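All remarks here apply to the structure that follows.
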Amino acid sequence: MAQLLGHTRTRVTSRHALITQDTLNFLPAVGLVKSRLATLLSSGLGSKFFSGLLLFEADGAATLPESGTETFLYVLAGGCTVDAGPAQVKRIAPGGYLYIPAHHSCILSGAEAETQILIVQKAYRALPDIFSPRMIVGRGGQVQPQPYQGDPDTRIQPFLPDEPGFDMAVALFTFQPGASFPGAGVHGAEHGLFFLQGQGICRLDDSWYPVKDGDAVWAAPLCPQWFVATGKTPAQFLLFRESNRMPEVV
């Protein structure tokens, strides 16, 4: 049923955004075969990141060419084969993730029908005398959850190493019902979130938004942000941000 007068929870401002599933448009793009891409975050918001959802038909494929862009993929549903070079051919399923360093190519193929993958990309910021990051393939269940800031009801699972070569951090947060961040946070790096399950309230600047699975959130640098899980089931989201780099001076 069409929403009355075009109502949506999607909100876009100069310093934050909430993108909801009802406003997504899945479109064809170069390199996609029997698959389409919906944009969640992009430079149009002022973000250094691009993120989107890849939706595949049966036997769909996607080619990610070699470039100065690093890529993180997280399988939301279905599965596909990843070919990232010699000895780097793997099948990834829901909960599986893949980090592809800059200047590496990757082909996704043999997708199951309705496979959905979250893609996050950013131009890699190399440092002198620091080795470039390596490719990483993993599953969320292989990463031990740790209490976040000492709270056992809020747990974090980092998916990428905290090493100088990595300039991107990606982590899975899990909040038990009623759990929250201890207070509003203000960060020097922008943050992107994608909600995997549950629901809650997210503060961005001076606005409080109801959020749920399938929502994407963007917060600009120094944008106050906070979250509390509501409902009767745990809330989970993937968070990505720049890491191990000083802010750029312009």
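Bear in mind that the values in this text are calculations on the coordinates, not laboratory data. From a predicted model like this one, the values you see are computed outputs, not experimental measurements. When we count neighbours, we look across all protein chains shown, and the Cβ atoms used for this are built from the backbone with ideal geometry, even at glycine.
Taking 0.36 nm per residue of separation and subtracting the Cα-Cα distance, what length does fully extending Gln3 through Ser67 add?
19.0 nm
What ranking of Thr39, Thr63 emerges when the number of other C-beta atoms within 10 Å of each C-beta is taken as an exposure proxy, fewest first?
Taking fewest neighbouring Cβ atoms as first place, the list is Thr63, Thr39.
Treat every Asp and Glu Cβ in the chain as -1 and every Lys and Arg Cβ as +1, leave all other atoms uncharged, and give the resulting dipole magnitude about the Cα centre to the nearest 20 debye. Please list the in-between numbers first.
On the way: 18 positive and 21 negative charges, 49 e Å.
For this selection, approximately 240 debye.
Enumerate the residues in the range 235-250 having an amide nitrogen under 16 Å from the point lying 7 Å beyond the Cα of Ala189 toward its Cβ.
Correct set: 238-249.
Below 8 Å between Cα atoms, with a sequence gap of 6+, how large is the relative contact order for the chain in percent?
So the answer I get is 17 percent.
How do the peptides 105-117, 204-216, 4-16 rank, highest first, by the average count of neighbouring beta carbon atoms within 10 Å per residue?
Peptide ranking by packing, descending: 105-117, 204-216, 4-16.
Roughly how far apart, in whole Å, are the Cα centres of the range 23-44 and the range 151-197?
About 25 Å separates the Cα centre of the range 23-44 from the one of the range 151-197.
Run the quick spin-label model on Ile201 and Asn244: label points 7 Å from Cα toward the beta carbon, then report their separation in nm to one decimal.
3.8
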